[in-house]
């Protein structure tokens, strides 16, 4: 367990357990916060009190069970990247209306 990069998103482990949590970066820019505590895992963008883009109930309470970490982190990264794409599209639409 430690820092990991998935699809260009660097997940920096900031706490190993209770909660297990990560800060997510793309090209050095923080884009999301991921946290698992009490069996509830979520990713929020662009930061802690932002939009919850992914959530799930896990076997692990304050740390992932070994077999679920990869699946959950991958799913969260997909959701983060989808949120970023949607935000870029919104910005493009706003720019084109002026």
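I need a count of the residues in segment 8-25 that are assigned to a strand (DSSP E or B) and surrounded by fewer than 16 Cβ atoms within 10 Å (Cβ to Cβ). Quick ask: steps written out before the conclusion?
Filtering segment 8-25 for residues assigned to a strand (DSSP E or B) gives 9-15, 20-25.
Subset that is surrounded by fewer than 16 Cβ atoms within 10 Å (Cβ to Cβ): 12-15.
Residues meeting the conditions: 4.
Looking at 59, 93, which is the one that is in a loop (DSSP other than H, G, I, E, B) and either loosely packed, with under 10 Cβ neighbours inside 10 Å or out of contact with any strand residue (DSSP E or B) (no Cβ under 8 Å at 6 or more places or on another chain) (or both)?
Working: 93 fails: in a loop (DSSP other than H, G, I, E, B).
One residue alone meets the criteria, 59.
Quickly run through segment 36-56 and pick out the residues that are surrounded by fewer than 18 Cβ atoms within 10 Å (Cβ to Cβ) and in a strand (DSSP E or B).
40, 42, 51, 52, 55, 56
Taking residue 52 and the conditions (1) without any contact (Cβ under 8 Å) to a residue 12 or more places away in the chain; (2) over 14 Å from residue 79 (Cα atoms); (3) touching a strand residue (DSSP E or B) at 6+ places or on another chain (Cβ under 7 Å), which numbered condition does it fall short on, given that it satisfies the others?
Among (1) without any contact (Cβ under 8 Å) to a residue 12 or more places away in the chain; (2) over 14 Å from residue 79 (Cα atoms); (3) touching a strand residue (DSSP E or B) at 6+ places or on another chain (Cβ under 7 Å), the lone unmet condition for residue 52 is (2).
Scan segment 62-98 for residues that are in contact (Cβ under 8 Å) with a residue 40 or more places away in the chain and closer than 14 Å to residue 35 by Cβ and jot them down.
Answer for segment 62-98, where residues must be in contact (Cβ under 8 Å) with a residue 40 or more places away in the chain and closer than 14 Å to residue 35 by Cβ: 62, 63, 64, 69, 73, 76, 80.
Pick from 75, 43: which is closer than 21 Å to residue 5 by Cβ, at pLDDT 95 or above and in contact with a helix residue (DSSP H, G or I) (Cβ under 7 Å, 6 or more places away or on another chain)?
On the way: 75 fails: in contact with a helix residue (DSSP H, G or I) (Cβ under 7 Å, 6 or more places away or on another chain).
Just one listed residue meets the conditions, 43.
Within segment 1-21, which residues are in contact (Cβ under 8 Å) with a residue 40 or more places away in the chain, closer than 16 Å to residue 62 by Cβ and in contact with a strand residue (DSSP E or B) (Cβ under 8 Å, 6 or more places away or on another chain)?
The answer is 1, 18, 19, 20.
Considering each of 94, 58, 16 in turn, give the residue that is more than 16 Å from residue 4 (Cβ to Cβ) and modelled with pLDDT under 95.
Numbers: 58 fails: modelled with pLDDT under 95; 16 fails: more than 16 Å from residue 4 (Cβ to Cβ).
94 is the lone residue from the list that is more than 16 Å from residue 4 (Cβ to Cβ) and modelled with pLDDT under 95.
The values are calculated or read from the model by the stated rules, or taken from the named source; none is laboratory data. None of these values were measured; they are calculated from a predicted model. Every residue, glycine among them, receives a Cβ derived from its backbone with ideal geometry; neighbour counts consider all protein chains shown.
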